[in-house]
1. So for region 53-61 (the condition being in contact with a helix residue (DSSP H, G or I) (Cβ under 8 Å, 6 or more places away or on another chain) and assigned to a helix (DSSP H, G or I)), does at least one residue qualify?
2. Working carefully through the options 93, 135, find the one that is within 24 Å of residue 31 (Cα to Cα), modelled with pLDDT under 95 and in contact with a strand residue (DSSP E or B) (Cβ under 8 Å, 6 or more places away or on another chain).
3. Just give me the residues in region 32-59 being under 11 Å from residue 85 (Cα atoms), surrounded by 15 or more Cβ atoms within 10 Å (Cβ to Cβ) and aliphatic (A, V, I, L, M), in sequence order.
4. Residue under question is residue 86, and the condition is that it be part of a strand (DSSP E or B) and in contact with a Cys (Cβ under 6 Å, 6 or more places away or on another chain); does it hold?
5. Report, by residue number, each residue of region 113-128 that is crowded, with 23+ Cβ neighbours inside 10 Å and in contact (Cβ under 8 Å) with a residue 40 or more places away in the chain.
6. Which number in (1) over 20 Å from residue 86 (Cβ atoms); (2) not in a helix (DSSP H, G or I) marks the one condition that residue 134 misses?
Amino acid sequence: MPRRPHLTLRALLLTTVATGSAALAGCGYGAVEVTPHEPEPGSADVCAALQDALPDTVDDAVRRDVDPSSEYVAAWGQPAIVLRCGVPMPASYRPDSQLFEIDGVGWLPDEGDGGTFFTSADREILVEVAVPDDYAPEANVLADLAPAILDTVPERELQ
C-alpha cells in the first residue's frame, strides 16, 4: 500500500480548500480538515500528554483546530503543518536508515509531493509531522516540536 504520495491529499491530513462560508478560526483560517486517525495500540496516554505539551506556534505558524477534532492530530499554519501521534513505522525505514537529529529527536524524512513527512523513529510512540515546502528549512518546525516530544515520548533503541 503506497504511503505519502502527495502532501495535499485529504487522506494525508492536510488542508482542503473550504467554501467561502467556512467559519474562521482565531488565526484567520478555518479548521484543518483531516482524515480520522486510529493510533497504534498503547499510544493513547503518550499522545494525550504530547497533545497537552505541544506549542501554540511552530516556525511562526499558529496552531489551528482540526476537523474532526482528534486527540492524536494537531495542525499549525496555512498551508497546514500536520502532526499525527501514534503512527506506524514508515515502510521506508531500514535499520541503516539515516536519521536527522534535531534538538535531540531522530527524524526519518520521507519526501512527498509538495513537502516532506518526518517520523520520530527513535521514540517508543512514533510521531509524524507533514511539513509543506513553504516551511523551508523544515528544521525550524521540528526544533519547535522537539521539547514537547522529548518531555512526553520515551526514547527507544533503534533496531
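The values are calculated or read from the model by the stated rules, or taken from the named source; none is laboratory data. Just so we're clear, the structure is a prediction, and the values are computed from it rather than from any experiment. So basically every Cβ, Gly included, is an ideal-geometry build from the backbone, and we count neighbours across all protein chains shown.
1. Scanning region 53-61, I find at least one residue that is in contact with a helix residue (DSSP H, G or I) (Cβ under 8 Å, 6 or more places away or on another chain) and assigned to a helix (DSSP H, G or I), so the answer is yes.
2. Within the list 93, 135, the selection yields 135.
3. Matches in region 32-59: 44, 46, 49, 50.
4. So residue 86 fits the description; yes.
5. 115, 117, 125, 126, 127, 128, listed by residue number.
6. Only one criterion in (1) over 20 Å from residue 86 (Cβ atoms); (2) not in a helix (DSSP H, G or I) is unmet by residue 134, namely (2).
Quick grid of which residues meet (1) out of contact with any Lys or Arg (no Cβ under 8 Å at 6 or more places or on another chain); (2) of a type in the set (D, E, K, R); (3) modelled with pLDDT of 95 or more; (4) farther than 21 Å from residue 136 by Cα:
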site: 18; (1), (2), (3), (4): yes, no, no, yes
site: 21; (1), (2), (3), (4): yes, no, no, yes
site: 33; (1), (2), (3), (4): no, yes, no, yes
site: 64; (1), (2), (3), (4): yes, yes, yes, no
site: 76; (1), (2), (3), (4): no, no, yes, no
site: 83; (1), (2), (3), (4): yes, no, yes, no
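Each row is one residue, and each column tells you yes or no for (1) more than 16 Å from residue 128 (Cα to Cα); (2) loosely packed, with under 13 Cβ neighbours inside 10 Å; (3) not aliphatic (A, V, I, L, M).
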| position | (1), (2), (3) |
| --- | --- |
| 61 | yes, no, no |
| 67 | yes, no, yes |
| 82 | no, no, no |
| 85 | no, no, yes |
| 90 | no, no, yes |
| 104 | no, yes, yes |
